[in-house]
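Engineer: I have a structure I would like to understand better, so I am pasting it below and will then ask my questions one at a time.
The values are calculated or read from the model by the stated rules, or taken from the named source; none is laboratory data. Source: prediction; values computed, not measured. With ideal geometry, Cβ positions are generated from the backbone for all residues, glycine too; neighbour counts draw on all protein chains shown.
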Amino acid sequence: MSFLALAYPQSALHPAGPVAREQLSLIIFSFAIMTLVFVVVMGLLLYVLVRFRRRNHEGDPPQVEGNNLLELIWTGIPVILIIILAIPTLRTTFALAKVPDDRPVVKVDVVAHQFWWEFRYPELGITTANELVVPVGYVIDFHVTSQDVVHSFWVPRLGGKLDAIPGRNNHFWLQADEPGWYPGQCAQLCGESHSLMAFAVDVRTPEEFDAWVKKMKEPFQPPTSALEKEGMDVFAQSCQSCHAIAGTDFKGTIGPDLTKVGLRRTLGALTLRNTPEDMKAWIHDPASFKPGVLMPQIPLTDQQLNAVVAFLQSQK
Ligand code: CUA
């Protein structure tokens, strides 16, 4: 079973933060107005069907073409409804565009890639992938862009969504009420594995968040066992052209940054669990889990695979 299946449900109807709540009230309000229109129009239709049945009438009913009063009514009512919809929509849009200044803020730069998410904390000097760790109650101030095609950044329970467009820097903020694991999803068809371009917002208490930051910034831990040492050599040969590990000479930027990758719960943008078995299977043949993935299948022996997995799992 895909790890994604465990991440559900993800629903905008169960908001877990102020932005999602505002947006849900707008959804409910629009839905109520649409329901009202539907009921009135269908009611009129039924009434006309019954009232003007052929057996009740001889010949054509009275003709109303060019009736000014009727024209005014059926133009005026939709205009009024659109104005009623527009006012709260605009008010919410402008209110949410402003980053609140009464709460602490964490800045996060999001870079979308086919088919994973890069998360950079510009003020903390941390880069990670697919699992965004943030403190509860903080405003998460996002700048979202893309490295390749158009993607869309969406965390249904926290709010959204925001397009990730190459060459553009889109801005919005989200906030979570409670610690927890909030699944997110690319919401713009972006290629073969669009549906597997998931991520999660991992909301923690401020103390847990600080501990995570401290851990992420700890210096590189050189390998201790012979197997891990061998794994680091394999990494140097086969992986570092695409992947970086802070504090080493490995500085690839094509794939996810693997600094402290052993702290993550998932692999392949939430496609697999971060266990030694799953990591080995992933490195052995990424495309079998994720069609169209850019990570190539590298010819490694079983021993080399075990070694590189041991090295990566030790990074935590
Ligand atoms: Cu990225 Cu769909």
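Engineer: Looking at segment 105-115, which of its residues are part of a strand (DSSP E or B) and near the ligand (Cβ under 9 Å from one of its atoms)?
Structural biologist: So the first thing to find is which residues in segment 105-115 are part of a strand (DSSP E or B), and the list is 105-113.
Listed by number, the residues that qualify are Ala112, His113.
Engineer: On the given criteria, is Thr75 away from the ligand (no atom under 16 Å from the Cβ) and in contact (Cβ under 8 Å) with a residue 60 or more places away in the chain?
Structural biologist: Working: away from the ligand (no atom under 16 Å from the Cβ): yes; in contact (Cβ under 8 Å) with a residue 60 or more places away in the chain: no.
The answer is no for Thr75.
Engineer: Among the residues of segment 144-166, is there at least one that is more than 18 Å from Leu270 (Cβ to Cβ), away from the ligand (no atom under 15 Å from the Cβ) and surrounded by fewer than 23 Cβ atoms within 10 Å (Cβ to Cβ)?
Structural biologist: Taking every residue of segment 144-166 in turn, none turns out to be more than 18 Å from Leu270 (Cβ to Cβ), away from the ligand (no atom under 15 Å from the Cβ) and surrounded by fewer than 23 Cβ atoms within 10 Å (Cβ to Cβ).
Engineer: Here is a follow-up. Mind counting the residues in segment 206-243 that are of a type outside the set (Val, Ile, Thr), closer than 30 Å to Trp181 by Cα and assigned to a helix (DSSP H, G or I)?
Structural biologist: Total meeting the criteria: 11.
Engineer: Only one of (1) within 16 Å of the ligand (Cβ to nearest atom); (2) out of contact with any Cys (no Cβ under 7 Å at 6 or more places or on another chain) is not met by Met197, so which one is it?
Structural biologist: Result: Met197 fails condition (2) only.
Engineer: Could you tell me whether segment 246-259 includes any residue that is surrounded by fewer than 18 Cβ atoms within 10 Å (Cβ to Cβ), over 16 Å from Gly231 (Cβ atoms) and in contact with a Pro (Cβ under 7 Å, 6 or more places away or on another chain)? Steps first, please.
Structural biologist: Within segment 246-259, the subset surrounded by fewer than 18 Cβ atoms within 10 Å (Cβ to Cβ) is 247-249, 251-254.
Add one more test, that the residue is over 16 Å from Gly231 (Cβ atoms), and what stays is 247, 251-254.
With the extra rule that they be in contact with a Pro (Cβ under 7 Å, 6 or more places away or on another chain), the set shrinks to 247.
Checked segment 246-259: at least one residue is surrounded by fewer than 18 Cβ atoms within 10 Å (Cβ to Cβ), over 16 Å from Gly231 (Cβ atoms) and in contact with a Pro (Cβ under 7 Å, 6 or more places away or on another chain).
Engineer: A follow-up question, please. For Val213, state whether it is more than 16 Å from the ligand (Cβ to nearest atom), farther than 30 Å from Pro9 by Cα, over 14 Å from the mean Cα position of the chain (by Cα) and among the β-branched types (Val, Ile, Thr).
Structural biologist: no
Engineer: From the list Val149, Val133, Val99, pick out the single residue that is assigned to a strand (DSSP E or B) and of a type in the set (A, V, I, L, M, F, W, C).
Structural biologist: Within the list Val149, Val133, Val99, the selection yields Val133.
Engineer: For segment 165-210, how many residues meet the condition of being within 16 Å of Pro9 (Cα to Cα) and hydroxyl-bearing (Ser, Thr, Tyr)?
Structural biologist: 2
Engineer: Is it true that some residue in segment 230-251 is of a type outside the set (D, E, K, R), under 30 Å from Gln175 (Cβ atoms), touching a residue at least 24 places away in the same chain (Cβ under 8 Å) and more than 16 Å from the ligand (Cβ to nearest atom)?
Structural biologist: Looking for residues that are of a type outside the set (D, E, K, R), under 30 Å from Gln175 (Cβ atoms), touching a residue at least 24 places away in the same chain (Cβ under 8 Å) and more than 16 Å from the ligand (Cβ to nearest atom), one finds at least one in segment 230-251, hence yes.
Engineer: Tally up the residues in segment 173-183 that are crowded, with 18+ Cβ neighbours inside 10 Å and at pLDDT below 95, please.
Structural biologist: The first filter runs over segment 173-183 and keeps only residues crowded, with 18+ Cβ neighbours inside 10 Å, leaving 173-176, 182-183.
Imposing the further condition that a residue be at pLDDT below 95 reduces the set to 182-183.
Residues that pass the stated criteria total 2.
Engineer: May I pose another question? Restricting to segment 116-134, count the residues that are within 13 Å of the chain's Cα centre (by Cα) and more than 16 Å from the ligand (Cβ to nearest atom).
Structural biologist: Within segment 116-134, residues that are within 13 Å of the chain's Cα centre (by Cα) and more than 16 Å from the ligand (Cβ to nearest atom) number 1.
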